[in-house]
Amino acid sequence: MATITQYYPQSVSHPGTTLAEILAEKEMGAKEFAVRTGKPEKTISDVLNGKSSITPEMGILFEQVLKIPSHFWINRQRTYDEYLARVAYQKTIEEGVAWSKTFPYAKMAALGWVKPTIKKEEKVIHLFEYFEVSNTKGYYDFYHNQKLLVNFRISLKENENAGAIAAWLRQGEIQAAALNIPEFNKTKLTEILPKLKTIMVSQPADFFTKIQDLCSYAGVKVVHTPCLPKAPIHGSTRWLNDVPLIQLSGRYRRNDIFWFTFFHEIGHILLHGKKYISIENIEYDGENQIYENEADAFSADFLLNKQQEKEIISNQSLTESDIINYAKKFQTHPAIIIGRLQHLKLVPFGLGNNLFHPIDFS
């Protein structure tokens, strides 16, 4: 990872300064040196005054006259040119300070996504590295206009949460790149659905590793990316290089919400393929909303279908014990049932709250 000193180097002199010192030691004037090298006196004068660069061709000529290797002159010129470029780039970094404030940098650093620092300029540099861009224009053009607007079909131009959302999505890309899985197989994904539901019902301590492994078998990457402040996202589904990625935040850490979101994302993969990419908890309209509704229906029906729901609702004296028994009968989790009933406002809000289990990714 770069450091601020790499972008704010110490002063570097023009190689003409070094040439002037060497000529002075040899008591050789600019005119004589020009004659000896066969270069116009003005050219040599411009080099000595820092107005012109030493070219590779000139470096070889200097080597013949001064007995100093040509690579010395070429390297001195390259170092000076890089210095000038970095001085100019300093302005880009300074202009990025206001931009960097749109990200929850402290939280990102706490999660290990970027290097901790309190220096404004270093934050800009680390964010550029995180998003793999060289300036704020590259960030907006790539992440807002391409990834978010084109791929996700949403515009965050006026959204104050745009930075946090982009940072969360970017972390998913980084996590996904570390996973090696076979080619996506839709048939295998369909086959493992019952096994995934079994994990949902029992929710063992290593549940997340288990669903990762199962989905990897079907060619689907699944990652957990902690929530960021101002990025209230439950999950996302997208395709990276023909590989489906499910990115989950575990927001609220409540099992019924987590599992509904997880199967919602699987629904997108099975129903909508590569052309549709979603970010949960972002407002959609038109055709996008239709796809979201379809994924909702897929998840809801898979966890507790309409016929099962109807049977439960028909019980006018529903108790927590009844909910637990229904969960066993329908091979689902009690939290799924009570969450559904609370969502439909068919039971008092307090009934069955102890049936919700926390989601622990540790």
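The table below gives the values:
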quantity	calculated
Boolean, Phe33 is in a helix (DSSP H, G or I), surrounded by 14 or more Cβ atoms within 10 Å (Cβ to Cβ) and out of contact with any Ser or Thr (no Cβ under 9 Å at 6 or more places or on another chain)	yes
Extreme residue, nearest to Leu196 (Cα to Cα), among residues of the range 243-261 that are surrounded by fewer than 22 Cβ atoms within 10 Å (Cβ to Cβ) and at pLDDT 90 or above	Ile257
Conditions (1) in contact with a Pro (Cβ under 8 Å, 6 or more places away or on another chain); (2) outside any helix (DSSP H, G or I); (3) not hydrophobic (A, V, I, L, M, F, W, C): number failed by Glu63	(2)
Subset of the range 179-196 [part of a helix (DSSP H, G or I) and either over 19 Å from Thr332 (Cβ atoms) or touching a His at 6+ places or on another chain (Cβ under 9 Å) (or both)]	Lys186, Thr187, Lys188, Leu189, Glu191
Residue count for the range 228-263, restricted to those that are part of a strand (DSSP E or B) and under 17 Å from Leu189 (Cβ atoms)	11
Residues satisfying the stated conditions in the range 44-60, i.e. surrounded by 14 or more Cβ atoms within 10 Å (Cβ to Cβ) and over 13 Å from Leu19 (Cα atoms)	Thr55, Ile60
Some residue of the range 308-329 being under 25 Å from Ile165 (Cβ atoms) and either out of contact with any Phe, Trp or Tyr (no Cβ under 9 Å at 6 or more places or on another chain) or assigned to a loop (DSSP other than H, G, I, E, B) (or both)	no
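The values are calculated or read from the model by the stated rules, or taken from the named source; none is laboratory data. Keep in mind that what you see is a predicted model, and the values were worked out from it rather than measured. Using ideal geometry, Cβ is built from the backbone for each residue, glycine included, and neighbour counts are taken over all protein chains shown.
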